[in-house]
Amino acid sequence: MMAVRIIVGIYLVIHGFCHLVGFVVPWKIAVLKEEPYKTTLLAGAVDIGDAGIRMVGVLWLLAAAGFAAGAVGVFGQWSWWRPLVTGLSIFSLVLCVLGLPGAKIGIAANAIILVYLIVGGTFGWVPK
């Protein structure tokens, strides 16, 4: 079960790190050709302006911090990590839908987490 804990913890750290793109681009900390600066959500359907996209960037940063905290919970074997990561994955899924098309890979990453927690929890594959 230790190997599973390590894999899950590392996955959460990587997933959280990927959320930082949603923060650094709207705040113009980094320029990425793969993820250009924009002020729109839902594949360009809704323009929320510069201030609005910065607020969404803060939400991405909070998700990144949350996944890092979830990884700490996994490594520390604390029971609170599962409900935290479940909620964060749903929150992250919403952010990814808002960030389409650039965040489409995040939808799959969150789906993997949610399926693992639901199916793995049923069969006892999820570490405590």
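Using the Cβ-Cβ distance between Glu34 and Val119 with R0 = 41 Å, the FRET efficiency computed as 1/(1 + (r/R0)^6) comes to roughly 0.85.
When the Cα atoms of segment 79-128 are aligned to their principal axes, the ranges along those axes come out at 35, 18, 11 Å in descending order. For q values of 0.20, 0.22, 0.23, 0.24 Å⁻¹, compute log₁₀ I(q)/I(0) with the Debye formula on a Cα-only model of segment 8-63, without solvent. So the normalised log intensities are -0.72, -0.83, -0.88, -0.93. Our estimate of slack between Ile112 and Ile14, defined as 0.36 nm per intervening residue step minus the Cα-Cα distance, is 33.9 nm. Compared with the dominant Cα axis of the chain, that is its longest principal axis, helix 2-19 is turned about 10°.
In a DSSP loop and with at most 16 other Cβ atoms within 10 Å, the trypsin sites (Lys or Arg not before Pro) in segment 1-103 are Lys28, Lys33, Lys38. Restricting the calculation to Cα atoms, the chain shows an Rg/Rh of 1.02 when the hydrodynamic-style radius is the Kirkwood one. Counting every other Cβ atom within 10 Å of each residue's Cβ, Met2, Met55 order from fewest to most as Met2, Met55.
Read the figures in this text as sums done on the coordinates, not as results from a lab. These numbers come from a predicted model, not from an experiment. Every residue, glycine as well, gets a Cβ built from its backbone with ideal geometry; the counts of neighbours run over all protein chains shown.
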